[in-house]
Amino acid sequence: MAYEGWQLVLLAAKNGEKRGQPAGETELKVLAENRAYYSKNEKAAVVTHPLHDRNGEPIGVARFAIKSYK
């Protein structure tokens, strides 16, 4: 599904100053491909996953950072 004229923006963040800013390249790719993305570094694992409507169409993206217990 094409979302011409739409802009993906940040709705919620730990740092409130980031709300309303445009989404990054990873989030745009996840929405376009309708596939989850996973990355990991020393501090955290990050999962970026598409959100779907009741018909299964991707309508947004959720990004979760899970901190390491090391």
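Things to note:
- Between Ala44 and Ile66, the contour length at 0.36 nm per residue exceeds the alpha carbon distance by 7.4 nm.
- Among residues other than Tyr37 with Cβ under 10 Å from its Cβ, the summed charge is +1 (Lys and Arg +1, Asp and Glu -1).
- Carbon + sulfur, % of accessible area of the chain - ligands and nucleic acids excluded, 1.4 Å: 52
- Each helix, a run of at least 4 DSSP H residues, gives -39500 (n - 2.57); summed and divided by the residues of the chain, these come to -3500 deg cm²/dmol at 222 nm.
- DSSP loop chymotrypsin sites (Phe, Trp or Tyr not before Pro) with at most 14 other Cβ within 10 Å excluded, longest remaining stretch of the chain: 7-68
- In this structure the chain gives 88 Å² per residue of accessible area when probed at 1.4 Å with all protein chains present.
- For the chain, the number of Lys pairs separated by eight or more positions or lying on different chains, with C-alpha atoms closer than 16 Å, is 5.
- Under DSSP loop assignment and at most 13 Cβ neighbours within 10 Å, longest GluC sites (Glu not before Pro)-free interval of the chain: 5-41
- For the chain, projected area of the alpha-carbon convex hull averaged over all directions, nm²: 5.6
The values are calculated or read from the model by the stated rules, or taken from the named source; none is laboratory data. Remember, predicted model here, so these are calculated numbers, not experimental data. Note that each Cβ is placed from the backbone with ideal geometry, even for glycine, and that neighbours are counted across all protein chains shown. Please note that ligands, DNA and RNA were not included when accessible areas were found on the heavy atoms of the full protein model with its side chains. Shrake-Rupley method; radii C 1.70, N 1.55, O 1.52, S 1.80 Å.
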